[in-house]
Amino acid sequence: MNLTDVIQADIKEAMKSGDKLRLETLRSIRAGILEFEKSGLDRPMTDEDAISILTKAAKKRKDAIEQYLAAGRPDAAATEEAELAIIQGYLPAQMSRDEVAAVLADVIAAIGATGPSDVGKVMGAAMKQLKGKADGTLIQAVAKELLGAA
């Protein structure tokens, strides 16, 4: 069962149960899926595409949470946090900081990175390996820490 089918089934379930927040969140995910399908790529959606759509939706929620908290609107931030939790239920489990550090140590060794000027090279290679498995902000923070750029 692909992501589109799962989301559609969960939308029906949310409608039956009357869970408005879940329904709205799932509809926003479905909108991202429909946008991809109508993008003209002429290929079926892969799991990587689905993870990308979900990751973008999660990032939007995280950014909104930060902005609402900075503006002193904890009520709106709480709503965004609830939506983020729903979205994360469809994403693969995220790697811990230690797991990210282990992968980055391997990437740094493979590339031969030695200092802060190599953060960009490490990030490029690391994002290919860790896409959808860890947050980009965390990856960047750990890379800078390991390369002494922090």
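What follows draws every value from the coordinates through simple rules; no lab data is involved. What you see is a predicted model, and the numbers here were worked out from it, not measured in a lab. Note that each Cβ is placed from the backbone with ideal geometry, even for glycine, and that neighbours are counted across all protein chains shown.
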Whole-Hz Karplus couplings 3J(HN,Hα) for the range 69-79, θ = phi - 60° and coefficients 6.51, -1.76, 1.60, Gly and Pro as x, run 5, 5, 8, x, 10, x, 5, 5, 5, 5, 5
Which value, in debye to the nearest 20, gives the size of the charge dipole of the chain about its Cα centre, when Lys and Arg are +1 and Asp and Glu are -1 at the Cβ?
220
Among 129-136, 23-30, the order from most to least packed when residues are scored by Cβ within 10 Å on average:
23-30, 129-136
Assign one of three labels to the range 90-144, namely rounded, prolate or oblate, based on the Cα gyration tensor with a ≥ b ≥ c the square roots of its eigenvalues; rounded applies when a/c is under 1.5, prolate when it is not and a/b is larger than b/c, and oblate otherwise.
prolate
Mind checking the angle between helix 136-146 and the chain's longest principal axis? C-alpha axes, 0 to 90 degrees, to the nearest 10.
20
Would you mind getting me the FRET efficiency between ASP106 and SER39? Use the beta-carbon distance for r and R0 = 35 Å, nearest 0.05.
0.55
Above-threshold pairs, the threshold being 30 Å between Cα atoms, out of LYS12/LYS128; LYS38/LYS59; LYS16/LYS128
LYS12/LYS128; LYS16/LYS128
Once the Cα gyration tensor of the range 34-83 is found, what semi-axes does its equivalent ellipsoid get, as square roots of 5 times the eigenvalues, in whole Å, sorted largest first?
31, 9, 8
From the backbone phi of the range 48-61, what are the Karplus-calculated ³J(HN,Hα) couplings (6.51 cos²θ - 1.76 cosθ + 1.60, θ = phi - 60°) in whole Hz, Gly and Pro given as x?
5, 5, 5, 5, 4, 4, 5, 5, 4, 5, 5, 5, 4, 5
Given the -39500 (n - 2.57) contribution per DSSP H run of 4+ residues, what per-residue ellipticity at 222 nm results for the chain, rounded to the nearest 500 deg cm²/dmol?
-24000 deg cm²/dmol
Taking every pair of Cα atoms in the range 3-88, average 1/r, invert it to obtain the Kirkwood radius, and report Rg/Rh to two decimals.
1.02
Calculate the all-directions average of the projected area of the range 15-150's alpha-carbon convex hull, and give it in nm².
10.7
